[in-house]
1. Would you point out the residue of the range 68-91, among those that are out of contact with any strand residue (DSSP E or B) (no Cβ under 8 Å at 6 or more places or on another chain) and more than 16 Å from the ligand (Cβ to nearest atom), that is nearest to VAL396 (Cα to Cα)?
2. Only one of these conditions is not met by SER178: (1) surrounded by fewer than 17 Cβ atoms within 10 Å (Cβ to Cβ); (2) polar (S, T, N, Q); (3) within 21 Å of the chain's Cα centre (by Cα). Which number is it?
3. Assess whether TRP215 counts as being within 16 Å of the ligand (Cβ to nearest atom) and either farther than 29 Å from VAL396 by Cβ or modelled with pLDDT of 95 or more (or both).
4. Please give the strands (runs of 3 or more DSSP E) falling wholly within the range 222-332 in which 3 or more residues are open to solvent by 10 Å² or more (accessible area, probe 1.4 Å) and away from the ligand (no atom under 14 Å from the Cβ).
5. Going residue by residue through the range 392-412, is there one that turns out to be farther than 24 Å from HIS84 by Cα and among the charged types (D, E, K, R)?
6. Applying the selection to the range 188-215, what residues are surrounded by 21 or more Cβ atoms within 10 Å (Cβ to Cβ), assigned to a loop (DSSP other than H, G, I, E, B) and in contact with a Pro (Cβ under 9 Å, 6 or more places away or on another chain)?
7. Just the residues that are closer than 25 Å to MET258 by Cβ and loosely packed, with under 15 Cβ neighbours inside 10 Å, please, taken from the range 161-174.
8. More than 26 Å from LEU40 (Cβ to Cβ), free of Cβ contacts under 8 Å to residues at least 24 places away in the same chain and of a type outside the set (Val, Ile, Thr), is that true of SER361?
Amino acid sequence: MRTDHAAGAGLASAAAPATGLGDPVGMLPTVELAPRQARLLMHRAGGTPVYAYSRAALRQTVDRVRAASIPGAEIYYSLKANPHPGVVTALASLVDGFDVCSPGELETALNSGMPPEKLLFTGPAKSAGEAAAALAVGVAVTVESPRQAALFSETARRLGGGGQAVVRVNTPYPGRTSGAATSPNQFGVSAEDTAEVVRVLRASPLSLSGLQLFWGSQYSDAEVIRAARNAALDRAASLADEFGLSLDFVSVGGGIAMPWCDRDPAVDWEGLRSDGPGPDPTAGGPLGSATVVCEYGRSIVGPAGVLLTSVLDVKTIDSRRYVLVDAGMNHVMIASRLVAGAGRGEPLVRAVDRKDPGALSPAVVTGPLCSQLDVLARDVLLPTVDVGDALMFSGVGAYGPTFSPSAFLSRDEVKEIVF
Ligand SMILES: Cc1ncc(COP(=O)(O)O)c(C=O)c1O
């Protein structure tokens with residue numbers, strides 16, 4: 001049976017130990033709101049449902065991923081996890097660069113004040129318009145195939161300028177635990193195509209200045225993460241050697257998970273924390289003076305966001321308590337049965353006001369959609385709640401509104417605020 005979170009005030013401390021109750025999946029630092037603060041945020045937003053993202057929590061999560069990364073590596077934030085302009089602007093002064101994968105994300109990143117030379121435009125299949133949008137503002141672009149190498153070369157010639165090309169190297173994704181089988185993916189340049197991509201880029205106005213070796217998402221095992229990073233560094237060094245590349249930039253992925261359902265494994269932050277300066281991966285080797293980059297999305301923004309939603313109805317069917325709220329899977333797709341249903345457990349949800357501290361009983365929290373999939377939490381322990389009360393989902397700052405089918409049933413979009 002899942003537990004209702006104890007209502008707290010302010011932010012949980014980054015240094016606080018996992019308690020098993022307030023932090024059942026080791027996801028600290030997470031946002032805890034006192035009832036009054038939650039009510040003020042809902043008032044400020046003009047009602048519910050509303051996502052509220054905490055700047056203070058973003059500072060804590062960035063510090064935490066930095067401490068868990070290769071010593072000295074730059075930290076890039078991937079806008080795909082949460083492109084809200086307020087979040088991106090807050091992160092512009094906390095991280096070293098951004099990874100964007102559309103002209104819309106590029107515009108948000110530029111508006112945040114992050115310098116163009118600290119932006120990387122990625123994506124497995126870019127259109128001519130996207131290639132031009134990226135090269136025209138001088139951001140580095142990833143090249144994922146010989147055809148993309150040709151597209152970026154022609155675009156750079158047409159625009160009459162150069163540009164920085166980063167070759168994304170196809171990198172199989174490791175298994176979730178040490179020794180488990182890898183899985184293939186469609187991203188990046190294959191080993192067979194690498195020589196051709198290098199040839200096309202060398203003949204172009206672009207400079208081949210970097211490599212990106214992204215190896216997956218949602219890993220919690222420190223051994224697996226460390227091994228994947230090291231393998232990425234080794235592969236980058238051997239490619240630099242083989243092709244005589246002089247690199248400014250090597251991205252070795254991020255991969256750290258966002259545990260937020262009660263059965264998700266906790267991230268081994270202690271195991272990842274660097275224990276000293278460590279060997280400089282670029283010293284004297286074929287990577288020369290390249291900047292090493294770790295890129296993260298969910299582990300930075302996930303814990304920093306909550307979703308506040310109002311109870312619209314409460315009813316009992318076959319002795320089961322249903323609490324119907326105004327947020328649905330059209331706002332928080334990751335909580336729907338499509339994503340959270342397959343053995344992941346239940347999201348962290350509690351009542352904003354705990355009117356009756358003694359009485360907790362199971363409830364199924366469902367949204368307003370005419371779909372059986374619109375179950376946000378099943379058999380979670382909640383106090384008595386009435387129409388008009390608010391519930392708070394924690395740890396939902398990543399892959400929220402923009403990852404949800406917001407057009408389904410033509411309902412209103414969810415609100416978002418930063419505090
Ligand atoms: C190239 C690249 N960088 C960064 C990310 C962000 O990953 P995550 O949110 O798991 O940290 C992704 C996710 O798909 C990605 O494809």
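1. PRO85
2. (3)
3. On the way: within 16 Å of the ligand (Cβ to nearest atom): yes; either farther than 29 Å from VAL396 by Cβ or modelled with pLDDT of 95 or more (or both): yes.
Yes.
4. Details: elements: 249-251, 291-296, 305-317, 320-325.
Result: 305-317, 320-325.
5. Filtering the range 392-412 down to residues farther than 24 Å from HIS84 by Cα leaves none.
No, that holds for no residue.
6. The answer is GLY188, TRP215.
7. Across the range 161-174, the qualifying residue is only PRO172.
8. On the way: more than 26 Å from LEU40 (Cβ to Cβ): yes; free of Cβ contacts under 8 Å to residues at least 24 places away in the same chain: no; of a type outside the set (Val, Ile, Thr): yes.
Answer is no for this residue.
The values are calculated or read from the model by the stated rules, or taken from the named source; none is laboratory data. This structure is a prediction, so every number in the text was calculated from the model and none was measured. We place every Cβ from the backbone using ideal geometry, glycine too, and count neighbours over all the protein chains shown. Side chains are part of the model used for accessible areas, which takes the heavy atoms of the whole protein and leaves out ligands, DNA and RNA. Shrake-Rupley method; radii C 1.70, N 1.55, O 1.52, S 1.80 Å.
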